[in-house]
1. Would you be able to tell me the number of residues in the range 119-131 that are modelled with pLDDT of 85 or more and either on the phi > 0 side of the Ramachandran plot or surrounded by fewer than 19 Cβ atoms within 10 Å (Cβ to Cβ) (or both)?
2. Identify the residue in the range 148-175 that is part of a loop (DSSP other than H, G, I, E, B) and free of Cβ contacts under 8 Å to residues at least 24 places away in the same chain and, among all such residues, is nearest to the chain's Cα centre (by Cα).
3. For the range 22-61, which positions are under 17 Å from N155 (Cα atoms) and without any contact (Cβ under 8 Å) to a residue 40 or more places away in the chain?
4. Among the residues in the range 59-74, are any of a type in the set (S, T, Y), in a helix (DSSP H, G or I) and either under 19 Å from the mean Cα position of the chain (by Cα) or surrounded by 11 or more Cβ atoms within 10 Å (Cβ to Cβ) (or both)?
5. State all residues of the range 10-36 that are in contact with a Leu (Cβ under 8 Å, 6 or more places away or on another chain) and among the β-branched types (V, I, T); if no residue qualifies, say none.
Amino acid sequence: MQDIFVAGTETSFIVLTLAFAEMMKNPHTMARAQSEVSQVFKGKKKYDEDLEKLTYLNLVVKETLRLHPPAPLLLPREYREQTDINGYTIPLKTSTNHWMGTHKSQEILKVGMILSFIPERFENSSIDFIGNHFEFVPFGAGRRMCPGILFGLANVTYPQAQLLFNFNWEIPNET
């Protein structure tokens, strides 16, 4: 049981750290996220009820997971039968990883600049974390999907919103 919580908190910490690193490298993204959080949380004592109103912050989380998946390689799979894919024959019992086929949605990549941090690429997009069509699967998909998806998202979104609301973040000049 302890392994489950350690795995959930460690990956959440990685995503949170990388999200802040990317936002600090992109001050316009940081400013937009802080503005949204300030507007939604202004004058409130409890913040958890309004997390779903943080639409831009959710775009930042999606883009962080797209660019920096904390567990980029799920366990390898073995083909149960011989399969043909685009003219290539995959023999029975061939071991394969899923990573080459993930995060490849044309809807996500239409913005271009695949290695750039652009949360706006997810605006007006129906793509979610569930990956029903396997276009974006940072938590895996199907019956092998991460059981801690809600725990993981809460462990990223809530602290990220709190940190954005209470502190100003920037990269020091000498860095």
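1. 3
2. Only one residue fits best here, namely F167.
3. K46, E49, D50, E52, K53, T55, listed by residue number.
4. Of the residues in the range 59-74, the ones of a type in the set (S, T, Y) are 64.
Of the ones still in play, those that are also in a helix (DSSP H, G or I) are 64.
After this cut, where a residue has to be either under 19 Å from the mean Cα position of the chain (by Cα) or surrounded by 11 or more Cβ atoms within 10 Å (Cβ to Cβ) (or both) as well, the list is 64.
Looking through the range 59-74, at least one residue is of a type in the set (S, T, Y), in a helix (DSSP H, G or I) and either under 19 Å from the mean Cα position of the chain (by Cα) or surrounded by 11 or more Cβ atoms within 10 Å (Cβ to Cβ) (or both).
5. V15
The values are calculated or read from the model by the stated rules, or taken from the named source; none is laboratory data. From a predicted model like this one, the values you see are computed outputs, not experimental measurements. A quick note on method: Cβ atoms are made from the backbone with ideal geometry, for glycine too, and the neighbour counts reach across all protein chains shown.
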